[in-house]
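Below is one structure, written out as structure tokens; comments come after it.
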Amino acid sequence: MAKIKRWLGLEKRSADINTFFDTANFRSSIYMSVVIIVLEVWMLLSLLKRWIAGDPTRTRLWFIQHFAWYMILLTTAVCMLVYAVFYLKGRFKKAIPGKIIMAIFSAVSLYFGISVSYSDYTKGEQILCFVMMVIFVVGLINWRPVVSILLSTFVFVLFYNMMKNAPEVVMSYATQVNFFTLWVSVVMLSTAVYSQRLSEAEKNESLETSAIRDELTSLPNMSYFRKKAGEILAEDGPEGKLFLFLDIANFKAFNEKYGFDAGNDFIKSTAQKVKTYFENDLYARYSDDHFVVLTDKKNIKKRLSDLTREVRGQHESTHLTLKAGGYSPDSASYDPSIALDHARYACSTIKKHFDSFYCEYDNEMDEGFHKRQYIITHLRSSIRNGYVKVYYQPVVSSKDHTLCGLEALARWIDPNYGFLSPGEFIPALEEYRLIQYLDRAVLEQVCKDIRSSIDSGSKPVPVSVNFSRLDFELMDVCSQLKEVIRRYDIPADLLHAEVTESTLTSDAGNLRSTLQSIRDLGIELWLDDFGSGYSSLNVLKEFSFDMLKIDMVFLKNFNDNDKSKAILDSIVKMARSIDIKTLTEGVEEESQAEFLKEIGCDLQQGYLFGKPMPVDELKTKFTP
Ligand code: C2E
Ligand code: MG
Ligand code: MG
């Protein structure tokens, strides 16, 4: 049934396939109309010649009738030609007026073919004009087969009857057979051409679709979005337009808890919601759990709050919610990528604000935005130029406060912005997935410093280096470590690798084996900032660590909060019972240091023993 429907051209065609057929038909009608225009001008000129010469066999009425007919055909052909040329140049968006012109043009051409051929036939001549017009109208233009079959049958039956009833002409058997064969051939020709065109159009469509679609969500992809957004702005102007950047907050935690497949399902269903809420707008999947939209400003807060509620409703238990940043462009030629960067920046400013879901980019944000752009574009040159430095913070033993380690902390001392702290550049580098360049440079510098310390004859202490969660996705951390300790020829136990709990939520499949191979190299693995985020004791069971770095949150209001003391005490006991050493960060007061010693915390780090400092300062302060 479906095959018959398709053969007859009764299937539903997509907008893209319709456009494909319109384009093909308008292109064919250009050839047709040019041939007919040339023919008609020729006919008109010979008619004029006959009239001027004063042909006595023709009446005045005959001349007027013929002139009118040639003019009608010429006019419709010119209209068809003009419309088709402008349509193909993209000047006309709608094909409907062109289709009406095409239908009139076809009807006039067929009428012309029939009437000229009939008059020739009755004079005992050929019917080539009829054949030519039928081939033009039914062969060159791709009607749906049901239309071309009905249309050709109608004209063939009509013309057959006219020939059959023509006075004084007897239609031979051979002519009848040939005429019938011609009809069958025309029908077959038109359906065959249509079906070939249809498969061509479908192939084209599927190729185009896969080039503009995001594979996971089937939403348009970013290259389509950027191109289309530029066209929309250029056409409609920037008034009332708003670029949105949408981010699913806490998505990483969701992925960890429910697994990768459930994470993908969540992204897919959120994509469907974005599609529904911004049905008439331009939208796309940006990357990971991010979406972008070009919409109207009108009612935006209400629309976003409804969408946010729905997204949250999908999974009440996991605090998943949507954050949106907006940017209104101020010119029709505004670069969509920059507009989206602004919207993304606005969105990033509310990432940690639990109660806000929408923030629009404004002049105040501009400074922060430019700083961030500066950071991401200048990272590599700043590393090369030595603006990115490594500072070291002492780690001491609780027992006697002797130096037993250092933590390497990055600093960026920029000629334009001055002193930049990790709190300013690390989130930007993580967001733009550039953090591995920083961490590689820090690791390199640390090894260089250890080497020169060994070379100068002093006894170096181990240095712990921070690794971002993304490093494990963006580089081979273990190979990097192996290569650098080999190159600088330093003992592996002089390096410690610090990772935070968020690293362990990463879906890098072989994370566990990577972490284990780091330990196998002889490098200690330290768990940083324990207790600061969504701590789960489960990670201690799942992964093996040498040290637990207890976050400084527990030392805040230390003297007034007995609960903090009790918690610290139990963390230290718990760690010891599973054979992990402990270090508490952020020690600023003697009383804190004393307490930590009492409860058996092994190491301490904090301003009380020294702030992070450049290597030269370290040498003067800590060399006995
Ligand atoms: P972290 O690894 O937990 O480093 C400890 C942070 O606490 C440092 O901040 C340090 O200056 C600060 N701190 C140390 N003692 C005290 C104290 O007694 N009181 C107070 N209030 N603060 C103290 P910093 O250097 O700003 O670094 C912040 C975070 O940036 C680090 O936290 C680490 O997560 C990240 N980070 C720093 N350097 C790097 C790096 O090279 N690579 C990566 N991936 N992350 C880095
Ligand atoms: Mg650290
Ligand atoms: Mg820490």
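The values are calculated or read from the model by the stated rules, or taken from the named source; none is laboratory data. Quantities reported herein were computed from a predicted structural model and do not represent experimental measurements. No Cβ is skipped: glycine too gets one built from the backbone with ideal geometry, and neighbour counts run over all protein chains shown. Side chains included, ligands, DNA and RNA excluded: accessible areas come from the protein's heavy atoms. Shrake-Rupley method; radii C 1.70, N 1.55, O 1.52, S 1.80 Å.
What the table below lists for this structure:
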quantity: Any pair with Cβ under 6 angstrom, 6 or more apart, that starts in segment 203-215 at a residue that is at pLDDT 85 or above and ends at one that is part of a helix (DSSP H, G or I); calculated: 212/224
quantity: Condition met for residue 459 (away from ligand 1 (no atom under 12 Å from the Cβ), open to solvent by 60 Å² or more (accessible area, probe 1.4 Å) and either under 18 Å from residue 411 (Cβ atoms) or in contact with a strand residue (DSSP E or B) (Cβ under 6 Å, 6 or more places away or on another chain) (or both)); calculated: no
quantity: Only listed residue being within 22 Å of residue 99 (Cα to Cα), assigned by TED's automatic domain parsing to the domain that holds residue 24 and over 42 Å from the mean Cα position of the chain (by Cα), chosen from 153, 191, 181; calculated: 153
quantity: Members of segment 53-87 that are open to solvent by less than 50 Å² (accessible area, probe 1.4 Å) and farther than 15 Å from residue 35 by Cα; calculated: 54, 55, 63, 68, 83, 87
quantity: Leading residue by the ranking (farthest from ligand 3 (Cβ to nearest atom)) among those in segment 543-592 that are open to solvent by 80 Å² or more (accessible area, probe 1.4 Å) and closer than 21 Å to residue 466 by Cα; calculated: 581
quantity: Residue ranges of strands (runs of 3 or more DSSP E) in segment 229-334 with at least 2 members under 16 Å from the mean Cα position of the chain (by Cα); calculated: 241-249, 282-287, 290-296
quantity: Out of 354, 291, sole residue that is modelled with pLDDT under 95 and under 25 Å from residue 424 (Cα atoms); calculated: 354
quantity: Boolean, residue 285 is under 14 Å from residue 269 (Cα atoms), modelled with pLDDT of 95 or more and of a type outside the set (Gly, Ala, Ser); calculated: yes
quantity: Selected residue [of a type in the set (Phe, Trp, Tyr) and either over 23 Å from residue 612 (Cβ atoms) or within 35 Å of the chain's Cα centre (by Cα) (or both)] from 558, 530, 543, 554; calculated: 543
quantity: Scope segment 440-456; condition closer than 30 Å to residue 288 by Cβ and either open to solvent by less than 20 Å² (accessible area, probe 1.4 Å) or within 16 Å of ligand 2 (Cβ to nearest atom) (or both); matching residues; calculated: 442, 443
quantity: Every pair of residues 6+ apart whose Cβ atoms lie under 9 Å, when the first sits in segment 174-200 and is touching a residue at least 60 places away in the same chain (Cβ under 8 Å) while the second is assigned to a helix (DSSP H, G or I) and among the basic types (Lys, Arg); calculated: 195/6; 198/6
quantity: Residue within segment 500-521 that is within 27 Å of residue 614 (Cα to Cα), at pLDDT 95 or above, touching an Asp or Glu at 6+ places or on another chain (Cβ under 6 Å) and open to solvent by less than 40 Å² (accessible area, probe 1.4 Å) present; calculated: no
quantity: Restricting segment 16-45 to residues that are of a type in the set (Ser, Thr, Tyr) and open to solvent by 50 Å² or more (accessible area, probe 1.4 Å), the residue that is nearest to residue 105 (Cα to Cα); calculated: 31
quantity: Test for residue 423: is it assigned to a helix (DSSP H, G or I), open to solvent by 20 Å² or more (accessible area, probe 1.4 Å), at pLDDT below 95 and over 22 Å from residue 343 (Cβ atoms); calculated: yes
quantity: Single condition residue 391 does not satisfy, out of (1) open to solvent by less than 40 Å² (accessible area, probe 1.4 Å); (2) away from ligand 2 (no atom under 16 Å from the Cβ); calculated: (2)
